[in-house]
Amino acid sequence: MNIQTVEIQQGLWYLGVNDRQTEFFENMWPLPNGVAYNAYLIQSEKTCLIDTVRVNKADAFIESLKRVMGDRTLDYLVIQHMEPDHSGALRLVLELYPDVHLIGNRKTGEMLHDYLEIGNENFREVKTGDTLDLGDRTLEFVQTPMVHWPESMVSYDRAHKTLFSQDIFGGFGTVDGGIFDDEVHYDARYEEYRRYYTNIVGKYSMMARKSIGQVKELDIEMICPVHGYVWRKNPKRIIEDYSNWANYKVKDGVVIAFGSMYGNTEVMADHLARYLAEEGVRSIEIFDVSKTHPSYILSNAWEKRGLILGSCTYNNSVYPNMHRLLHILEMNKLENHVLGVFGSYGWSGGAVKELKAFSERGKFDVCETMVEAKGTMHLKEEELLRQLAKEMADKLRAAEK
Ligand code: FEO
C-alpha cells in the first residue's frame, strides 16, 4: 500500500501518498524522484480533512482515511487548492461521507462546479480571516491567490502554531520514510524544490512574495505542505528558500544554454565558458538544450545572475529546442539577470536575431556584444566571445558591489 499514515501531532494525521509512476508533473515536468501528495486529517471534537490526493492514488488514500477515521464521520473537508493533484480523490471522499461540509472560498466554489460538477449544497464559503472551530483546534484561513491557482488558500492553527500551506513550501520528490525535515537531508533535495518552485510557482513570484509576507507574520512551529516534507525542526529554512526564490535573489555565476546540431555552436559555448573562467567567474554551468529538460535549465538559471543563450539557426529561425527554452524562461518571468547571446548560421541568419528580440522583451541587463558565426567560429568570433565574456564578468562584478 502506497500510503503513509502518521500521527504527526496529537489528533493530527499525515496522510501522504508517493507517486513513482507518473513521469511528468502536469504532464510536462520530469519527475525522476517522483512526487508526494500530502493530505492531513484532524480528529478533534470535529473531524476535518485538509485536501486530498491525485486520483491515481485515491484508492490507497481512501483505505487509509477509513482506517484512521474508524467509526467517526467526516465533518469537514477543507479544499485549499483545486488542482487535480489535490482534488483528485474529492468525489470518493464525498461518496464515503456524503454529509461532509466542503470549505473553500468563492473561487473554490466555482471550480467545484466547473471541474467536478459539484453544487453548493454542502459548501461553506470562507475568506481571509474566517475561522473554522473544530474543538481543540481552530483553523484560520488566508487566501493566497495565484500561489498557485486563483482559489489557493492556506489554513493556520494558531493554538498549535501549525500552517497547512498547500503548494507553498512544497517540492518535487517522494517522501521516502522520513516525513519531517529533521528525518531527511533536505539539501539533497534542494534542487528539486527549487525546480518545483521555479517551474510551477515562478511565474507568480509577485503573488508568492505577498503570500510569503503574510505567512512570515504568523508564529509557525510546523509547516504541512501538500508536496514533500513536513517542517517541524527548521521551518525558517524553507520559508527562507521560498523567499529568496520569490525575490529573485541571485548568486554569482553564469548558466550557458546552447542549441547545436553539429557542434559549431557548442564549441562557441565552451570557448565562452573558458573566457568567463579567465575573467574570474567561478560558477559556470553549460546545458545542451537538446539533452537537458528546460525545467532544469530554468531552475539553475534562476539562482545565477548571468545567463548566456546560444543557438544555431534552423530553418531561418532559432533552434526549436532553444525556442522551447525561451518560451519557458519568458513564461516564468525570469528577472534580475545579466543576459548575453550568441549563435551561428549556415547561409542566412535567424537565431541571433530571435535571441536579440528575446533579450529586448525581458527585464534583463543585456550585454551589448552579440556574437554570430557563419559556419564555424573563426578568429573574429573568438575575439568577440572574449569581449562578451569580459562584458558579462564586468556586469556581474558591478552588480555584486
Ligand atoms: Fe500541487 Fe498547484 O498543485
**Request:** Using a/c under 1.5 as the rounded threshold, could you call the stretch 98-161 rounded, prolate or oblate? The axes a ≥ b ≥ c are square roots of the C-alpha gyration tensor eigenvalues, and prolate needs a/b larger than b/c, oblate otherwise.
**Result:** oblate
**Asked** Taking K and R as +1 and D and E as -1, what net charge do the other residues with C-beta under 15 Å from the C-beta of residue 122 add up to?
**Response** -3
**Item:** Neighbourhood net charge (9 Å Cβ-Cβ; Lys/Arg +1, Asp/Glu -1) for residue 181
**Value:** +1
**Prompt:** Pairs 216/395; 203/395; 333/401; 210/249: which exceed 23 Å Cα-Cα?
**Reply:** 216/395; 203/395; 333/401
**DSSP bridge pairs, the stretch 144-243: antiparallel proportion in percent, nearest 5** = 45
**Message:** Please check: in the Gaussian network model of the chain (C-alpha springs, under 10 Å), which one of 379, 49, 298 has the largest mean-square fluctuation.
**Reply:** 379
**Request:** Run through the DSSP bridge list for the stretch 258-361 and note the antiparallel percent, rounded to the nearest 5.
**Result:** 15
**Prompt:** What are the residues whose amide H is under 5 Å from the amide H of residue 123, where those residues sit 5 or more places off or on another chain and H is modelled from the backbone?
**Reply:** 102
**Complete:** Out of 268, 146, 69, a Gaussian network model of the chain with alpha-carbon springs under 10 Å gives the largest mean-square fluctuation to 69
**Beta bridges by DSSP in the chain, antiparallel share as percent, to the nearest 5** = 45
**Message:** Roughly how far apart, in whole Å, are the Cα centres of the stretch 9-54 and the stretch 173-215?
**Reply:** 14
**Message:** Relative contact order of the stretch 1-135, please, whole-number percent, based on alpha carbon pairs below 8 angstrom and at least 6 residues apart.
**Reply:** 19
**Prompt:** Can you give the translational diffusion coefficient of the chain in µm²/s, computed by Stokes-Einstein from the Kirkwood radius over Cα pairs at 10 °C and 1.306 mPa s?
**Reply:** 70
**Message:** Can I get the semi-axes of the stretch 291-401's equivalent ellipsoid? Compute them from the C-alpha gyration tensor as square roots of 5 times the eigenvalues, in angstrom, largest first.
**Reply:** 22, 19, 11
**Prompt:** Using helices alone, what [θ] at 222 nm do you get for the chain, with -39,500 (n - 2.57) per DSSP H run of 4 or more residues, divided over all residues and rounded to the nearest 500?
**Reply:** -10500 deg cm²/dmol
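Computed from the coordinates by the stated procedures, all read-outs in this text should not be read as laboratory data. Treat the numbers as computed from the prediction; the structure is a model and nothing was measured. In this analysis, Cβ positions are derived from the backbone assuming ideal geometry, glycine residues included, and neighbour counts consider all displayed protein chains.
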